[in-house]
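**Student:** Please see the structure below; I have some questions.
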Amino acid sequence: MTTDSLRSGPGANGRTSGDRARLPVREHLPACGPAAASGVPVLDVVVPVYNEEKDLRPCVLRLHDHLSRTFPYAFRITVADNASTDATPAVAAALAAELRGVRYVRLEEKGRGRALRTVWSDSDAPVLAYMDVDLSTDLNALLPLVAPLISGHSDLAIGSRLARSARVVRGSKREFISRAYNLILRSSLAAGFSDAQCGFKAVRSEVAERLLPMVEDSGWFFDTELLVLAERAGLRIHEVPVDWIDDPDSTVHIVRTATEDLKGVWRVGRALAVGALPLDRLARPFGDDPRDRALTGVERGLARQLVGFCVVGVLSTLFYLALYSLFRLGVGPQLANGGALLVSAVANTAANRRLTFGVRGRDGAVRHQAQGLVVFAIGLALTSGSLAALGAATGSPSHSTELAVLITANLAATVLRFLLLRAWVFPARACPEPEDVR
């Protein structure tokens with residue numbers, strides 16, 4: 001799948017191509033079968049390197065020995081050389097010739113993200129992983145890392161140095177920077193994962209195929225961007241507490257890396273805020289178990305939508321009342337009500353579109369606003385009719401009485417508004433028919 005196809009707009013019916021190209025159902029990968037018989041590995045572990053002539057050989061030998069002894073599936077180790085200028089290429093080529101299941105890939109440009117994108121995009125393995133060449137992470141965590149991906153339980157997996165049961169040995173400076181960075185991610189991007197930058201991650205290949213074209217960064221922020229987009233798309237991320245010992249000889253430039261990461265946070269946050277990313281193309285079918293997909297007549301997401309709609313409704317009502325009181329200073333009740341309702345309706349539709357019904361991107365935004373204005377007209381008829389009835393009944397009602405009547409009328413209009421938004425403006429997308437998995 002190409003980047004252009006991932007970024008393409010809606011079809012003639014207004015729905016994105018993601019409706020017809022959801023991620024496939026997660027399945028448990030067989031321990032043996034046609035893939036294994038043909039020599040295709042289940043796991044491809046990438047070790048990105050730059051000028052690591054000293055550490056590369058002991059790293060690969062140790063990793064290869066560990067996988068040979070403990071990993072129950074076929075595997076491959078790929079050394080991804082990021083334009084090294086020392087003897088790293090010769091060391092990597094010698095390892096590939098010496099050890100079965102080891103290959104060497106040379107890139108002429110630097111960037112850990114670029115290396116992972118290149119190798120993962122070209123790999124035929126169904127589970128893709130990577131780890132840093134210093135092997136700071138205890139290798140006993142490797143099988144727990146990839147097991148949820150092999151079993152079909154999760155989409156991505158990450159090692160976490162900040163999980164409660166992780167055991168970490170590192171300096172106070174790196175500890176502070178790591179925790180501060182992850183705190184920034186939680187506060188700015190609402191990240192739910194605990195450790196974005198641990199060099200110990202894995203992803204299922206069908207997820208990588210869809211996700212990688214959306215990730216722009218080619219450096220150290222690659223990991224964070226990958227995880228944020230996956231989490232926002234609703235993919236399942238499994239975390240593994242790790243035992244981790246800091247490498248005192250690490251060549252990572254902390255200040256420059258931190259600066260680039262903060263720029264990346266700003267870029268991704270802005271893209272998410274304006275809905276510029278087609279995250280719906282990463283949707284999984286509900287329930288990977290065929291019995292779940294066979295269920296009919298089950299309302300999905302209703303409780304979450306009700307909560308979101310209520311929160312947006314309360315804020316919209318307060319906004320509407322404030323506007324009405326402001327407009328009422330200069331015009332009559334009907335004009336004040338119409339103006340306040342119109343402005344708040346546009347804001348309400350936009351908020352419900354994104355927060356309540358999870359519609360992102362600009363596709364269909366104008367149509368949704370037009371339909372929202374029709375719903376607004378119905379609400380205007382209810383509230384204006386209520387004001388007219390109040391005026392006919394009392395002549396000159398007080399401002400507090402007007403507000404009380406408007407609140408009552410708006411409650412009735414709110415119920416009708418939710419039903420119309422859910423059934424007409426933002427109808428649930430039809431799920432594709434499940435394939436026969438027998």
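The values are calculated or read from the model by the stated rules, or taken from the named source; none is laboratory data. Just so it is clear, the structure is predicted and the values come from calculations on it, not from any experiment. Quick reminder, even Gly has a Cβ in these numbers, built from the backbone with ideal geometry, and neighbours come from all protein chains shown. All accessible areas refer to the heavy atoms of the entire protein, side chains included, with ligands and DNA or RNA removed. Shrake-Rupley method; radii C 1.70, N 1.55, O 1.52, S 1.80 Å.
**Student:** Round to the nearest 10 and report in Å² the accessible area of R284, as given by a 1.4 Å probe over the protein chains' heavy atoms.
**Tutor:** For R284, solvent-accessible area is about 40 Å².
**Student:** For W266, W220, give the ranking by accessible area with the largest first, probe 1.4 Å.
**Tutor:** Working: W266 170, W220 100 Å².
Per-residue accessible area, sorted high to low, gives W266, W220.
**Student:** Moving on. Give the accessible surface of region 308-404 per residue, rounded to a whole number of Å², with probe radius 1.4 Å and ligands, DNA and RNA excluded. Walk me through the intermediate numbers first.
**Tutor:** Values: 4760 Å² over 97 residues.
That works out to 49 Å² per residue.
**Student:** Each residue of region 218-233 in turn: what ³J(HN,Hα) in whole Hz from Karplus with 6.51, -1.76, 1.60 and θ = phi - 60°, glycine and Pro shown as x?
**Tutor:** 10, x, 6, 6, 3, 4, 4, 4, 4, 5, 4, 5, 4, 5, 5, 7
**Student:** Same structure again: With a 1.4 Å probe and every protein chain left in place, tell me how much accessible area I407 has, in Å² to the nearest 10.
**Tutor:** The accessible area of I407 comes to roughly 80 Å².
**Student:** Counting only residues 5 or more places away or on other chains, whose amide H sits under 5 Å from the amide H of E239 once H atoms are built in the peptide plane?
**Tutor:** I158
**Student:** Measure off 7 Å from each Cα along the Cα-to-Cβ vector at I407 and D246, then give the distance between these two points in nanometres to one decimal.
**Tutor:** 5.7 nm
**Student:** Please calculate how many Å² of accessible area region 155-278 carries per residue, with a 1.4 Å probe and no DNA, RNA or ligand atoms counted.
**Tutor:** 45 Å²
**Student:** Hey, another quick one. Probe radius 1.4 Å, ligands and nucleic acids ignored: give me the carbon and sulfur share of the accessible area of the chain as a rounded percent.
**Tutor:** Using a 1.4 Å probe with all protein chains present, the chain comes out at 61 percent carbon and sulfur.
**Student:** Let me ask something else. List the residues whose amide H sits under 5 Å from the amide H of E52, counting only those 5 or more places along or on another chain, with H placed 1.01 Å from N in the peptide plane.
**Tutor:** T88
**Student:** Which percentage, to the nearest 5, of the DSSP beta bridges contained in region 148-285 is antiparallel?
**Tutor:** The antiparallel fraction comes to roughly 25 percent.
**Student:** Right, next: Roughly how many Å² of E109 are accessible to a 1.4 Å probe, to the nearest 10?
**Tutor:** The accessible area comes out at roughly 110 Å².
**Student:** Multiplying the sequence separation of E216 and L335 by 0.36 nm and subtracting their Cα-Cα distance, what value in nm do you get?
**Tutor:** 38.0 nm
**Student:** In whole Å and largest first, what semi-axes does the C-alpha gyration tensor of region 122-224 yield when each eigenvalue is scaled by 5 and square-rooted?
**Tutor:** 23, 18, 13
**Student:** Let me ask another. Relative contact order of the chain, please, whole-number percent, based on alpha carbon pairs below 8 angstrom and at least 6 residues apart.
**Tutor:** This gives 16 percent for the chain.
**Student:** Ok, one more. In the chain, if the dipole is taken from +1 on Lys/Arg beta carbons and -1 on Asp/Glu beta carbons about the Cα centre, which of A96, W120, G152 is farthest to the positive end?
**Tutor:** It is G152, whose Cα lies furthest towards the positive end.
**Student:** What ranking of R170, R114 comes out by heavy-atom accessible area, probe 1.4 Å, highest first?
**Tutor:** R114, R170
**Student:** Please compute, for the alpha-carbon atoms of the chain, the extent along each of the three principal axes and give them in descending order in Å.
**Tutor:** Here the Cα extents, ordered largest to smallest, are 95, 54, 39 Å.
**Student:** May I ask you to order 143-150, 97-104 by the average number of other C-beta atoms within 10 Å around their residues, highest value first?
**Tutor:** Ranking the peptides 143-150, 97-104 by packing returns 143-150, 97-104.
**Student:** Sticking with this structure for a sec: Give me the tail of P(r) for region 86-130 as a percent: Cα-Cα pairs with distance above 13 Å. It would help to have the intermediate numbers written out before the result.
**Tutor:** Numbers: 622 of 990 pairs.
Across region 86-130, Cα pairs with separations above 13 Å total 63 percent.
**Student:** A further question on this structure: Antiparallel as a % of all DSSP beta bridges within the chain, to the nearest 5?
**Tutor:** Once the DSSP bridges in the chain are tallied, antiparallel ones form about 25 percent.
**Student:** Additional query: How do V311, V240 stack up against each other in accessible area, from largest to smallest, with a 1.4 angstrom probe?
**Tutor:** Ranking V311, V240 by accessible area, largest first, yields V311, V240.
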